[in-house]
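No value in this document is a laboratory result; all are computed from the given coordinates. Bear in mind that the values here come from a model prediction, so they are computed numbers and not experimental data. When we count neighbours, we look across all protein chains shown, and the Cβ atoms used for this are built from the backbone with ideal geometry, even at glycine.
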Amino acid sequence: MRTADITRNTNETRVRVSINLDGTGRQTINTGVPFLDHMLDQIARHGLIDLDIQCDGDTHIDDHHTVEDVGITLGQAFAAAVGDKAGLRRYGHSYVPLDEALSRVVIDFSGRPGLYYHIPFTRSHIGRFDVDLAREFFQGFVNHALVTMHIDNLRGENSHHQCETVFKAFGRALRMATELDPRNAGVVPSTKGVL
């Protein structure tokens, strides 16, 4: 089973993430940030990854710590679940539209953290959600999953649509990258022999 259960406790947040990479998209999510919950649901449903994410954070101050720490803990869970990456496809990509919006996410389970992020949001907030926090989530994920990821919103006028296409594409790219390749069973997909 390619699963992980990670807990991260700080003075600002208490986060628990459980994942099953070979799931069916089942999810139980409660971060205290409703829009983040909606985006995490996209990852589970479109990535066919079972997710249980619970967070108790200092949202009375700001949503920043919760969003960032959920990204960090989710990244740690992915790093644990993929293990040595033997048999992994390694690369994943997806284009996802939603009405006028179109986004692309490309991911490499390279062992090297790198985020290349371009989302020209058309407004600063989606409801009460500060759109700057989307980058914080992905930076936390990338740093702790040890992946290289390119995120591009190619077009869009509605910030909700822009953000949602990114998270849907992220889920689908994760699904592709973490699938086991039967033609490469047991082999780490790198000329170095390790990732």
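At a glance:
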quantity	calculated
Residue list for the stretch 21-64, given a label point 7 angstrom along the Cα-to-Cβ vector of Leu180 and an amide N cut-off under 14 Å	21-23
The stretch 106-193: relative contact order in percent, alpha carbon pairs under 8 Å with at least 6 residues between	37 percent
Interchain or long-range residues, amide H under 5 Å from Arg2's placed H	Leu21, Asp22
Simple spin-label estimate for His150 and Asp56 in nanometres, 7 Å along Cα-Cβ	4.3 nm
Ordering of 185-195, 44-54 by packing [mean C-beta count within 10 Å, highest first]	44-54, 185-195
Cα gyration tensor shape for the stretch 62-156, rounded if a/c is under 1.5, else prolate or oblate	oblate
Per-residue [θ]222 nm for the chain (sum of -39500 (n - 2.57) over DSSP H runs n ≥ 4, rounded to 500)	-11500 deg cm²/dmol
Cα-based radius of gyration of the stretch 3-184 once divided by 2.2 N^0.38 Å, which approximates compact folds	0.95
Candidates Asn11, Asn153, Asn184: whichever shows maximal mean-square fluctuation once the chain is modelled as a Gaussian network with Cα springs under 10 Å	Asn11
Overall Cα dimensions of the stretch 133-195, principal axis frame, Å, largest first	44, 23, 14
Whole-number percent relative contact order across the chain, with pairs defined as alpha carbons under 8 Å at least 6 apart	26 percent
